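These notes concern the structure reproduced below.
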Amino acid sequence: MCSHYQAVKERERYIRHFGVEPPAEPGKFDVWPGYAASFIHRPREADLGDEAVPEREALSGVFGLIPHWATDTKIGRQTFNARSETVASKPSFRDAWNHAQHCIIPVDAFYEPDWRNGKAVATRIASENGEPLGIAGLWSSWKSAKGVLHSFTMLTINADGHELMGRFHKPVDEKRMVVILPTDSYDAWLKAKPEQSMDFMRQYPTGQLLAGADVPAQDSFIP
């Protein structure tokens with residue numbers, strides 16, 4: 001499961017791929033649980049027919065979903081990934097799932113541990129064509145005395161049979177992968193109703209990802 005990723009740093013690249021301005025305070029670009037980073041959602045007002053409201057909006061939030069009932073933010077250290085098989089029933093995630101609080105997490109690359117040599121080797125995974133990746137997630141808002149704090153989590157699925165993602169995690173552990181959305185399904189995911197959410201929980205094609213030494217340096221992705 002993904003606990004470490006690189007956010008999309010270049011503003012123009014972010015806009016070109018995701019069709020929205022990044023937030024004024026995008027947060028960290030080397031992201032771990034508890035760090036602030038950007039996510040993209042669909043404003044609720046967009047469904048009311050107001051042409052002044054954009055279809056997509058980028059916000060800054062904490063990586064690790066903080067449910068509205070939490071008493072503090074510590075829970076976010078354990079809620080950075082949500083298993084699609086249990087997301088509808090887990091107290092930490094079920095409200096966001098049942099209310100279709102869908103989001104997209106903009107990612108340049110993410111990291112998983114390769115255990116094939118007997119110890120964990122952090123391995124960078126990125127798009128084969130050098131474009132950013134949009135990972136399906138859920139978002140939430142948490143109110144405190146200091147104001148409203150947004151947060152988000154990445155959705156994950158079983159990775160059995162996936163030629164690339166099957167390399168990662170300990171041999172005795174279940175193979176998992178984040179849900180990477182095809183570019184042409186971004187709006188469909190953001191608009192999807194709760195009963196449609198599971199339709200997007202699919203493995204991303206092996207041939208469209210590169211890992212480790214096969215991944216070009218990040219700077220070579222920037223035109």
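No lab work stands behind these numbers, since they all come straight from the coordinates. Source: prediction; values computed, not measured. Because the Cβ atoms are built from the backbone with ideal geometry, glycine has one as well, and the counts that use them run over all protein chains shown.
Computed values, structure above
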item	result
Within straight-line cross-link reach of LYS28, lysines at Cα separation under 19 Å, skipping those fewer than 8 residues along the same chain	LYS9, LYS74
Reachable aspartates and glutamates from LYS170, criterion Cα separation under 19 angstrom, eight or more residues apart if same chain	GLU112, ASP114, ASP160
Neighbourhood net charge (11 Å Cβ-Cβ; Lys/Arg +1, Asp/Glu -1) for ILE66	+2
The range 88-223 - Debye-derived log10 I(q)/I(0), Cα point model, q = 0.09, 0.16, 0.21, 0.22 Å⁻¹	-0.31, -0.92, -1.28, -1.33
Among PRO33, PRO67, PRO171, residue whose mean-square fluctuation peaks in a GNM of the chain (springs only between Cα atoms under 10 Å)	PRO171
Candidate lysines - alpha carbon under 19 Å from LYS175, same-chain residues fewer than 8 apart omitted	LYS119
Built amide H within the under 5 Å cut-off of ALA159, gap 5+	LYS175, ARG176, MET177
Length-normalised contact order of the chain in % [C-alpha pairs under 8 Å, at least 6 apart]	21
Residue order, fewest to most surrounding Cβ atoms within 10 angstrom, among VAL148, VAL31	VAL148, VAL31
Rounded FRET efficiency, nearest 0.05, which uses the C-beta distance separating TRP32 from THR206 and R0 of 30 Å	0.70
